[in-house]
Amino acid sequence: MAVRERPLSPHLQIYRPQITSVLSILHRLTGVALGVGTIVLVWWLVAAAVGPDAFEGAQGFLGSVFGYLILFGWSWALFYHLCNGIRHLVWDAGWGFDLDVLAKTGWLTVGASVALTVLAWIIGLASMGG
Amino acid sequence: MTLRTPVARARGLGSAKEGVHHWWMQRVTAVALVPLTLWFVASLVGMAGAEYAEMRDWVSHPVTATLLISLIVATFYHAALGMQVVYEDYVQPHGLKIVVDIATKLIFFAFAVASIFSVLKLAFAG
Ligand code: HEM
Ligand code: HEM
């Protein structure tokens, strides 16, 4: 059978980034980042099970500037993936596909993930001080 | 009524063999993860800067240990399913895709076992 020329989709670079496509790829990126980030969770739990010294080591690392950077990134990635994950589940239920609604829930997701991250850090830092 | 082709029915296999189950479990674990991760982050935030003994007492509580193990199972199951989809989209050739997918699943399985064992050790042996 002769191979027919199939239409080729235009390259990704020529598309203007849009709220829908950017949030879609962010869901994937945060999902993968969270998967890699489970290393920290495992390390923290195993260190606690090994004993106080190992736990102090893990806590010391997480309390360093680098540790804070990781935790901050992780917290935002989690809140973003969580909020957008709920957005996915709402789509699965059949709601929210109109373009104007997609944009609204998209921006709501971005706002909520930033607000939750800031709130968590304010409360966390305050409870450390107290 | 079925939407599957006769040959697919005869073979008893869809293209991905278990696509619907995969998709469905990704949703089920996602639903479980909403309250579990919110609870977990809220707990961490409340315990920021805690001493070892405080952390151990927290983990040993039956409710905490139960929720933690649920979180661990749901997280690694969900992440394994999710990573498989990412590999399916980007990794070529087919053999390499299978290799990285299996490697990911084995690593996540080991992570889950190590995490659960750690929670149980803290709960039962301090
Ligand atoms: C900046 C642009 C784009 C981004 C960020 C993007 C991102 C993604 C992501 C993350 C997925 C995974 C599935 C999901 O999240 O539901 C996906 C799936 C897909 N995308 Fe794109 N994409 C882009 C452009 C395109 C274009 C231009 C096409 C086609 C011409 C395309 C065709 C598809 C197809 C066929 C799937 C698979 C759907 C499925 O698995 O059922 N995408 N895309
Ligand atoms: C906090 C609650 C969470 C919710 C509500 C949630 C929800 C979802 C949903 C609905 C999908 C499917 C998206 C699609 O069809 O394209 C998904 C994909 C994914 N999730 Fe989650 N998730 C959560 C937490 C996590 C965590 C903790 C991890 C990692 C440890 C993770 C890793 C992934 C990965 C790797 C994917 C695949 C990404 C892709 O195909 O583009 N998720 N999540």
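Here is how the numbers come out for the structure above:
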item	result
Yes/no for A:Phe55 being within 23 Å of B:Leu71 (Cβ to Cβ) and either touching a residue at least 40 places away in the same chain (Cβ under 8 Å) or away from chain B (no Cβ under 12 Å) (or both)	no
Filtered residues of region A:1-44 (kept if within 16 Å of ligand 1 (Cβ to nearest atom) and hydrophobic (A, V, I, L, M, F, W, C))	A:Leu8, A:Leu12, A:Ile14, A:Ile19, A:Val22, A:Leu23, A:Ile25, A:Leu26, A:Leu29, A:Val32, A:Ala33, A:Leu34
Hits in region A:74-97 - residues which are farther than 23 Å from A:Val118 by Cα and either in a helix (DSSP H, G or I) or in contact with an Asp or Glu (Cβ under 7 Å, 6 or more places away or on another chain) (or both)	A:His88, A:Leu89, A:Val90, A:Trp91, A:Asp92
Residue check for A:Ala103: more than 14 Å from ligand 2 (Cβ to nearest atom), in contact (Cβ under 8 Å) with a residue 12 or more places away in the chain and assigned to a helix (DSSP H, G or I)	yes
Residue among A:Ala48, A:Ala54, A:Ala77 that is touching a helix residue (DSSP H, G or I) at 6+ places or on another chain (Cβ under 9 Å), under 30 Å from B:Ala125 (Cβ atoms) and buried (at least 19 other Cβ atoms within 10 Å of the Cβ)	A:Ala48
Set B:Gly95, B:Gly46: member being over 12 Å from the mean Cα position of the chain (by Cα), surrounded by fewer than 16 Cβ atoms within 10 Å (Cβ to Cβ), at the interface with chain A (Cβ under 10 Å from one of its Cβ atoms) and part of a helix (DSSP H, G or I)	B:Gly46
Failed criterion for A:Ser64 (all others in (1) among the hydroxyl-bearing types (Ser, Thr, Tyr); (2) within 19 Å of A:Val40 (Cα to Cα); (3) within 12 Å of the chain's Cα centre (by Cα) hold)	(3)
Those residues of region B:22-41 which are free of Cβ contacts under 8 Å to residues at least 60 places away in the same chain and more than 8 Å from every other protein chain (Cβ to nearest Cβ), in sequence order	B:Trp23, B:Trp24, B:Met25, B:Gln26, B:Val28, B:Thr29, B:Ala32, B:Pro35, B:Leu36, B:Trp39, B:Phe40
Single unsatisfied condition, A:Val114 versus (1) within 14 Å of another protein chain (Cβ to nearest Cβ); (2) within 26 Å of B:Ala48 (Cβ to Cβ); (3) surrounded by 12 or more Cβ atoms within 10 Å (Cβ to Cβ); (4) out of contact with any helix residue (DSSP H, G or I) (no Cβ under 7 Å at 6 or more places or on another chain)	(1)
Region B:102-126, residues that are within 8 Å of another protein chain (Cβ to nearest Cβ), closer than 14 Å to B:Pro62 by Cα and aliphatic (A, V, I, L, M)	B:Val119, B:Leu122
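All of the numbers you see were taken from the coordinates with simple rules; none came from a lab. In this text the structure is predicted, and so the values were computed from the model without any measurement. Using ideal geometry, Cβ is built from the backbone for each residue, glycine included, and neighbour counts are taken over all protein chains shown.
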